[in-house]
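Readers should treat all values here as calculations from the given coordinates under stated rules, not as data from a laboratory. All values reported here derive from a predicted model rather than from experimental measurement. Cβ sites come from the backbone with ideal geometry, for glycine too, and all protein chains shown count toward neighbours.
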Amino acid sequence: MSWKISNKLQINNLKLRSEAKSASGGIIENCKLKSIRQSFGDTLYRLAKTNPSLYVVDADLKSSLFLTKFAQKFPKRFIECGVAENNAASVAAGLAKTGKTVFLSSFSCFSPAINWAVIKQSICYNHANVKIIGSHSGLMSGDLGATHQMLEDVALMRSLPNMQVFAPIDALETEKIITTVSRSPLPAYIRLVRPPSPLVFDRKLPFTIGKSHLLKSGSDLTVLGYGPILSNFLNFKFLNYKFEIVNCSSLKPLDPETILKSVKKTGRVLVLEDHQKSGGLGEAVASLLLSSDLHPKFAHLAVDNRFGQSAKDYNDLYDHYGLGSADIQTAINKLMK
Amino acid sequence: METSLSSLSHSLRLQLLEMIYQSGGGHLGGSLSSLDLLIAVYFSKIFRFPGDHFVLSAGHLCPALYTVLSSAGFFPSDFLTSYSSFNSPLQGHVSTDVPGVEYSSGSLGQGLSFASGLALGDRSRSVVCLTSDGEHQEGQIWEAAMFAAKYKLGNLINLIDYNHYQIDGATDDIMPLGRLAAKYIQFGWTVTTIDGHNFPQIVKALKNAQKSDFPNCIIAKTILGKGISFMQYDYHYHDVKNLSESLYLRAKNELENFK
């Protein structure tokens, strides 16, 4: 009986939330939502028209990654490995060694989770031109539950020599990142998420490897993050504080210059990530700050050594795992004291 | 040609022993079992390197590959005794830092997939992948077996050094492979079983494999520690550490007089 009661409670919560959303005009006011993974599939399709060396190695997730069109138009360049991510990673490396640029596409809970040691040896150690696309990352994959909420991918990929790590904030930045990495011979991991996300990236800005972008400038508090969880912050109004929001989509290489410049100005840092605390952006930034001559106040909101669970609305998960607006407010209160 | 391959086998076996002894140890057992297969790949003139591809999936067998590559002129033989030493490109497990090496390996089971990727991307060339029998306990090998059959990689050859032993004992005790030839046939491969120390058989199998429309598996029955009586069939010589001078001299004497 008890599960039914809690189910009911959740439905009530959802209702309240949707009312709250409509009252404020959505998560981000006046912001269009667009699918990050569709942007990936569409961009790759467009690039493949003029780049004949562009290949996809897939592990039975082409429809989820919007690669159906690519597979139909370029069947010889779409290599289907089935549910076998270890083989897929080494096949991608071998193909890359024959002069192709290979996009190894799956969910991050499978690739790079299942095939990490294969990525380490076959791709990184062998300098293979393979771009690993890991979709459905973070608590944002919602109803799929703990096994499909990849919260360790950034840690896994950041730790590998020769690997670059990028996480677009929206569909626009996805297009720019995919285009940029398609022209680079180095291995890269690109972290994508499942739900449609607000378009917040400035169309006029380029994506540059090792560069962060200010989404908003301010003087009271530096907010660092990556992926759509950070765009939620754009609308976040809390007292009269002026937040400086930095989109750290280039997670490796990081952009120490932009981060330190902002922290020097504000003296306060809040890192927000839909990932485990271990090995994520927060630890990278903490290490950077401790090695600098700055001594800012620091808070890190991330999933802390726990597994996720299913929810129809991932915002319920953010509330439950310490990433919700109440948690953000508490953290800011402490930082601003 | 078989005579010259045999005489090369004779001299490289001695060079291998020297290399392992001088450098303080290494994976000698499997190097001695796979040596003739590597000699056939590089010296039978069936393949052209660079051009065709060779992938050492069982990266610990690199001492044998190093002696073969050095004989083939990729680097001077003076380098051999630096095997697994600090600052030497001749790592304890094979790396692309070594001239002539196309794939860095060491973690078992990945090379056949990598070779499949090469075979798919470069269909006009042959891709020979050397795997070990113990390595077939890795699930990824069977993922690759399915993949190569699906994509009809007729230019792919999986050359298996089947010496029946692995690090902790006999393959049949640790995890039996069962009917390996039958398994590959069921997976859609062309399979040949040969004596892995018989050059006419190795060369014939490699030549036949070139004409296949299906991926090719050559199961080469070999002897762990081949040529050194006290090492043969003894899994403790998978990795040799600090070989005593008397055992070294005994091994050397046996190899010098080996026909």
When (1) in contact with a strand residue (DSSP E or B) (Cβ under 7 Å, 6 or more places away or on another chain); (2) within 13 Å of another protein chain (Cβ to nearest Cβ); (3) not β-branched (Val, Ile, Thr) are applied to residue A:65, the one that fails is (2)
Residues of the stretch A:69-106 being out of contact with any helix residue (DSSP H, G or I) (no Cβ under 6 Å at 6 or more places or on another chain), at the interface with chain B (Cβ under 10 Å from one of its Cβ atoms) and hydrophobic (A, V, I, L, M, F, W, C), in sequence order, are A:79, A:83, A:88, A:92, A:96
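Here is a yes/no grid of residues against (1) without any contact (Cβ under 8 Å) to a residue 24 or more places away in the chain; (2) farther than 30 Å from residue B:21 by Cβ; (3) among the charged types (D, E, K, R); (4) not in a loop (DSSP other than H, G, I, E, B):
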position: B:193; (1), (2), (3), (4): no, yes, no, yes
position: B:200; (1), (2), (3), (4): no, yes, no, yes
position: B:204; (1), (2), (3), (4): yes, yes, yes, yes
position: B:213; (1), (2), (3), (4): no, yes, yes, no
position: B:220; (1), (2), (3), (4): no, no, no, yes
position: B:225; (1), (2), (3), (4): no, no, no, no
position: B:230; (1), (2), (3), (4): yes, no, no, no
position: B:253; (1), (2), (3), (4): yes, no, no, yes
Matching residues in the stretch B:105-137 (facing chain A (nearest Cβ under 10 Å), over 18 Å from residue A:82 (Cα atoms), polar (S, T, N, Q) and surrounded by 24 or more Cβ atoms within 10 Å (Cβ to Cβ)) number 1
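Determine whether residue A:327 is more than 18 Å from the chain's Cα centre (by Cα), more than 20 Å from residue A:217 (Cα to Cα), charged (D, E, K, R) and part of a helix (DSSP H, G or I).
Criteria met by residue A:327.
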Scanning the stretch B:217-259 for residues that are among the aromatic types (Phe, Trp, Tyr) and surrounded by fewer than 14 Cβ atoms within 10 Å (Cβ to Cβ) gives B:230
Picked from the stretch A:122-166 (must be part of a loop (DSSP other than H, G, I, E, B) and within 14 Å of chain B (Cβ to nearest Cβ)), the residue farthest from the chain's Cα centre (by Cα) is A:126
**Item:** Flag for residue B:173 being under 29 Å from residue B:234 (Cα atoms), in contact with a helix residue (DSSP H, G or I) (Cβ under 8 Å, 6 or more places away or on another chain) and among the acidic types (Asp, Glu)
**Value:** no
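Would a scan of the stretch B:3-14 turn up a residue that is part of a helix (DSSP H, G or I) and basic (Lys, Arg)?
Within the stretch B:3-14 (the criterion being part of a helix (DSSP H, G or I) and basic (Lys, Arg)), the answer is yes, since at least one residue qualifies.
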